[in-house]
Structures are given as structure tokens and as C-alpha cells.
1. Order 212, 53 by their accessible area, 1.4 angstrom probe, all chains in place, largest first.
2. How high is the relative contact order of the chain, given as a whole-number percent (alpha carbon pairs under 8 Å, six or more residues apart)?
3. Regarding region 107-225, what is the average projected area of its C-alpha convex hull, in nm²?
4. Please check: in the Gaussian network model of the chain (C-alpha springs, under 10 Å), which one of 134, 156, 164 has the largest mean-square fluctuation.
5. Considering only C-alpha atoms, what is the centroid distance from region 21-45 to region 116-157, in Å?
6. On a 0 to 90° scale, report how tilted helix 170-182 is relative to the longest principal axis of the chain, with both axes built from alpha carbons and the result rounded to the nearest 10.
7. Applying 1/(1 + (r/R0)^6) with R0 = 41 Å to the Cβ-Cβ distance of residue 128 and residue 208, what FRET efficiency is obtained, to the nearest 0.05?
8. Within region 115-199, list the GluC sites (Glu not before Pro) lying in a DSSP loop whose Cβ has at most 11 other Cβ atoms in a 10 Å radius.
Amino acid sequence: MNSLEVTRLAYAYPDGTQALFGVDFAIRRGERVALLGPNGAGKTTLVMHLNGILTAGHGSVSVAGTPVRKDTLKEIRQRVGLVFQDPDDQLFMPTVRDDVAFGPANSGVAGEELERAVKGALERVGMLEVIDRPPHHLSFGQRRRVAVATVLAMEPEILVLDEPSSNLDPAARRELAEVLRSLDVTVLMVTHDLPYALELCERSLILSDGVIVADGPTRELLADS
Ligand code: ADP
Ligand code: ADP
């Protein structure tokens, strides 16, 4: 079973800038994959297609067999958990509990089931003890882990992280790596942090000028570059 299939995906912005030229790859359930490539390669554009922020491209994207289309967006956004580079774009409620509850509550989960979902997600990122605290009282590394929990609470098919190790001190970086390694979820991480990719992702994709130029074991790709 594939968590994600991207088939001949091409996309040009309205001003004519061609950002993706026929991108093809699939990610099997449970894989952890790094998406590498220089600035301007098309990584953000690709990620924006995974949860339907952009849908106008040619080709197709599907998540666990469901195509990303205007009429499937609600389901797709539940299945694709995007963790932004800045956790403060994701945390806006008075307490950690409220932030983690926000997604599942919006999809109709309530009562004890909601409390279980919130606590379960916080436990998976090692942040259960801060459940009643305001997010802005936490360290940056803690906020990033809570941001991951807000997404995990939706039980996504695939977790997509944008530069997960950015701005973390060595201890926070290590803690997040342990969390990501412990999750039994498919992961796609966009990163410039090659040691992090090597440590966490058995496989990497390298995107350059809108084309996948390499797809294989991270160790081999980084040895070649
Ligand atoms: P990356 O995330 O790898 O840095 P992007 O997906 O942001 O790459 O950009 C891919 C290409 O698309 C670049 O040439 C970039 O300048 C261009 N681009 C990105 N966003 C827009 C936009 N809104 N309008 C026009 N061109 C854009
Ligand atoms: P990232 O650091 O994630 O690669 P970028 O710095 O490439 O992001 O882009 C930041 C924002 O600017 C994005 O929303 C992107 O769509 C937009 N952007 C990038 N290049 C262009 C461009 N040539 N024209 C318009 N918007 C752009």
C-alpha cells in the first residue's frame, strides 16, 4: 500500500514560472523519506500539492489511493498532516490541550474520545506534561513537538514536515529525532539538514529545477553529492 503517489506532476504559477516538470514518485506506508534540493527547486510547490493548497497542476497526487481534488479536500487534509517550519503558525489557542484538540474537534470528535486523542498525540511527542500550559510559555523545541502533536491528533496517513530541525539547539534536535523515529507513520521531510536526513530517512528524493534528479538510499545519494 502506498501512502502517497505523485504521477507526472507539472505546475506553472500564474506568472508563467514553471516550478515542476513531470514529477513521479511513490512513498510506501511506513517509509521515512527526505525531500532535498536547493532553494527554488520546487519543494514548497510540491508540498502545496500534497494537501491541495495547489490543485491546478497537470498529473495527479493521491494519498492512500484517494486523489487530491477539490471534491476530496476535506478527507485529504485529514490524511496529510503538514507541520510548518514555524510552529507559531500552527499554535494559536490559549493552551496546548486546545491546540491539539482543534483539528479532531473540527472533524466532530468530542468528549472522552477527544481527550484520548489529545493525550495520545501529546504522549507520542513526549509533551503530555505541558497539556495545560499556554504554547507561548514553551521553548521553541517544545512548540515544534506540540505542532507535530496537533497534526498527529488527526491520525494522518502521512506526516509532512518542513525543515523540522531548523532553529533547534542540539538537545531539542536530538529529542525531535527520537520522536520522529518512534512514530509508526509515513514521513516526508523537506530539509537542508543532510545529517538529519541521513539519521532519520532511509530514502531521499533530490529535487532540482522542478525535476527529481535522484531517488534512492540517503547514504548512497549523500556519498555521491
Ligand atoms: P523551494 O521550496 O524548493 O525553494 P519553490 O517551490 O518555492 O522552491 O519554488 C519553485 C520555483 O517556483 C522557483 O523558481 C520560485 O521562484 C517559483 N515560485 C514559487 N512561488 C511562486 C509564485 N507564487 N509565483 C511565481 N513563481 C513562484
Ligand atoms: P522556502 O524557504 O520554503 O523554500 P521560499 O523562500 O522559496 O520558501 O518562498 C517563500 C514564499 O514566497 C512562498 O509562499 C513562495 O510561494 C513565494 N515565492 C517564492 N518565489 C516566488 C516568486 N518568484 N514569485 C512570487 N512568490 C514567490
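The values are calculated or read from the model by the stated rules, or taken from the named source; none is laboratory data. None of these values were measured; they are calculated from a predicted model. Methodologically, a virtual Cβ is constructed for each residue, glycine included, from the backbone with ideal geometry; neighbour enumeration extends over all protein chains shown. Note: areas computed on protein heavy atoms with side chains; ligands, DNA, RNA excluded. Shrake-Rupley method; radii C 1.70, N 1.55, O 1.52, S 1.80 Å.
1. Values: 212 40, 53 90 Å².
Ranking 212, 53 by accessible area, largest first, yields 53, 212.
2. After rounding, I find 27 percent.
3. Dividing the Cα hull surface by four gives the mean projection, 8.9 nm².
4. In this elastic network of the chain, the residue with the biggest mean-square fluctuation among 134, 156, 164 is 134.
5. 26 Å
6. Rounded to the nearest ten degrees, it is 80.
7. The pair residue 128/residue 208 has a calculated efficiency of 0.50.
8. Values: sites: 115, 123, 129, 157, 175, 178, 199; in loops: 157.
For GluC sites (Glu not before Pro) across region 115-199 that sit outside H, G, I, E and B with at most 11 neighbouring Cβ atoms in 10 Å, the list is empty.
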